[in-house]
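I have placed the structure first, in the form of structure tokens, so that the comments after it can refer back to it.
Bear in mind these aren't lab numbers, they're just calculated from the coordinates by the rules spelled out. Small disclaimer: the values here were computed from a predicted structure and weren't measured. Using ideal geometry, Cβ is built from the backbone for each residue, glycine included, and neighbour counts are taken over all protein chains shown.
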Amino acid sequence: MPVRVAAAWSWRLLVVAAGVGVLGYLLSTVTVVVVPVLLAGLLAGLLFPLTKWARSHRVPAGVAAGATVLGLVGVVVGLLVLAGQQIVVGFAELSGSVVVGAGQLLDRWQDTPLNFGTADLEDWVTDFGATVQDNSQALLDGALSFGATAGHLLTGILILLFTLLFFLADGERIWLFVVRLFPVEARRAVNGAGRHGWEALVQYARAQGLVAAIDAVGIGTGAALLGVPLALPIGILVFLGSFIPIVGAVATGAVAVLVALVANGTTNALLMLGVVILVQQLEGNVLQPLILGKAVSLHPLAVFLAVATGSILYGIAGALFAVPALAFANTVVRYLIDGAWRTDEQIATQPYYYPWEIRRHARGHEVTHEQLLAQLERFHRARTLDRRRARARGEDRGAER
């Protein structure tokens, strides 16, 4: 009997693994579409509270979502403009430091057994120019390939913004449409598992965003106080890199130390290294357990292996989405194994609408009487749950005091 059970589970696991492998291969061929859609999902989780707040003040969902997306675009463009100005000024400062440092290095090398001086450097530059001329066709092909990549990047940005707009405006209706594609007997389990997985994903994105912002402010402020050029671009780079757990923080911190070394010398670089280590120790020993530990229950080894596997299979995109995907899968599997959907009262079969939206739908005869009652029940149940959570948070704060 145990042998039969093991055999039955073995072939099922093999089928699931084969399906996952085929799905991964198919997704890897359309990364220009898949990556922007996944990014839109993470951003929707971060930005949905703004859209929800606007809807609670009688702003139509489409207008609220559009304003949120435009606000995001404005913030990103503003940061890029500020960072661009800092880069122009910073590189002007760095260029002088690089020239002086290179001259000092050449003088030191010329007095060593290597006997490498200015004349040798000029020979290297001449040889490099000849190599460029000999490989001009390959460089032209590379430039054309870069142009195609830039086109893909622009396409990805448009897909990201368009998808984000609909996720914010109509995300729950889209999800309920997907649920209805499953057999009737499986819909409740799929609906509950998907919603809990989404909550885990959103909590992870928000917690990681908060940790990334603290890292960026800490390291960026430290760089500015130490007089390191490109302090703002370094802060933005740290913020983006911190979304890749473990690896991103180390890499961006190394960039900050390298800039300090080139611009201000060894002492300043050591001070910058101290700032980076202090901020990352604060993140690893305080922020990660307090913020991320409550959002996603994943062991650090699982996080490290997920990032390593994702980066090997899909590069930067794999490293970025590995931990969110693992958190989503962990929550969904636990929910299904426990059979929690059988007693889960929070599973909704109607989108979340505010009373003024429900009345508008009723006037337009867009829904049935049963759907109206279900939408009103969903609103009141969600309000009651929010009040309970707020009361529980207040009691927790009181107990801590």
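Values for this structure:
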{"item": "FRET E, pair T349, F162, Förster distance 25 Å, beta-carbon r, rounded to 0.05", "result": "0.35"}
{"item": "The stretch 182-340 - charge dipole about Cα centre, Lys and Arg +1 at Cβ, Asp and Glu -1, debye rounded to 20", "result": "280 debye"}
{"item": "Total formal charge among the other residues, if their Cβ is under 13 angstrom from that of A67, Lys/Arg +1 and Asp/Glu -1", "result": "+2"}
{"item": "Span from the the stretch 31-64 Cα centroid across to the the stretch 206-221 one, whole angstrom", "result": "22 Å"}
{"item": "Local electrostatic count, W198, Cβ distance below 13 Å [Lys/Arg +1, Asp/Glu -1]", "result": "0"}
{"item": "Mean shadow area of the stretch 313-356 over all directions, Cα convex hull, nm²", "result": "5.5 nm²"}
{"item": "Anisotropy class of the stretch 182-340 from Cα gyration tensor, a/c 1.5 cut", "result": "prolate"}
{"item": "Derived scalar couplings ³J(HN,Hα) [the stretch 324-333; Karplus, 6.51 cos²θ - 1.76 cosθ + 1.60; whole Hz; x for Gly, Pro]", "result": "x, 5, 5, 5, 4, 5, 4, 5, 5, 5"}
{"item": "Estimated FRET transfer efficiency when R0 is 45 angstrom, pair D170-I337 (beta carbons, to 0.05)", "result": "0.90"}
{"item": "Gain upon complete extension [A362, R188; 0.36 nm per residue less C-alpha separation]", "result": "60.0 nm"}
{"item": "Using a Förster distance of 30 Å, the FRET efficiency for T266-F304 (Cβ separation, nearest 0.05)", "result": "0.40"}
{"item": "Residue-span extension gain [E199 to L79] - 0.36 nm each, minus C-alpha spacing", "result": "40.3 nm"}
